[in-house]
1. Of all residues in region 109-139, count the ones that are on the phi < 0 side of the Ramachandran plot, more than 10 Å from the chain's Cα centre (by Cα), not in a loop (DSSP other than H, G, I, E, B) and not hydrophobic (A, V, I, L, M, F, W, C).
2. Would you tally the residues in region 55-95 being surrounded by 14 or more Cβ atoms within 10 Å (Cβ to Cβ) and touching a residue at least 40 places away in the same chain (Cβ under 8 Å)?
3. For region 96-125, give me the residue count where each residue is touching a Leu at 6+ places or on another chain (Cβ under 8 Å) and surrounded by fewer than 16 Cβ atoms within 10 Å (Cβ to Cβ).
4. Please go through region 62-93 and pick out each residue that is closer than 15 Å to ILE48 by Cβ and of a type in the set (Lys, Arg).
Amino acid sequence: MSLLVKSFYVGEYARSVDEKMRIALPAKWRPDSEVDTFLALPNPAGCITVYPPKMIVRLEEKVAEVSFGDTQGQMVLAKLFSKADTFSCDNKGRIKIEERLLKHAQIQSEAVFIGGGSTFNIWEPENFRNYLAKEPQEDAASVLRGLGL
């Protein structure tokens with residue numbers, strides 16, 4: 001599989017949550033190795049944002065820049081990472097996310113994976129539809145221009 005597909009997450013994929021609370025990653029997004037670790041964070045929008053191994057390295061560098069003297073930064077990081085989780089895929093491409101993150105995203109029996117470029121989000125399907133229906137703060141053309149597209 002090409003490096004572009006493995007490092008850039010695009011598309012929308014609906015998935016069922018099995019009785020053991022596992023969800024199958026889209027085949028295109030599965031890592032080459034079962035030892036690759038992903039980082040799942042609660043997103044304030046009501047979903048779970050997942051950082052793949054490549055992005056975790058970048059995130060670690062940024063987090064290391066927050067000094068002990070930055071009490072506000074340390075508090076934000078403590079709150080964020082205390083709710084986070086790490087996971088790997090099993091040999092069938094399934095992931096198991098901590099119950100507290102599933103509750104945060106209100107995911108029970110169905111989930112939808114949404115590509116975000118370098119990361120991806122996991123939503124409860126109805127919550128994702130409601131999120132898309134909200135009035136954007138900035139029009140799409142402005143965002144795309146800012147990205148140089």
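1. Matching residues across region 109-139 total 7.
2. Of the residues in that region, 10 qualify.
3. 1
4. Correct list: LYS83 only.
Coordinate-derived values only; no laboratory data. Note that the structure is a prediction, hence the values are computed from the model and not measured. As a convention, Cβ positions derive from the backbone with ideal geometry for all residues, glycine included, and neighbour counts pool all protein chains shown.
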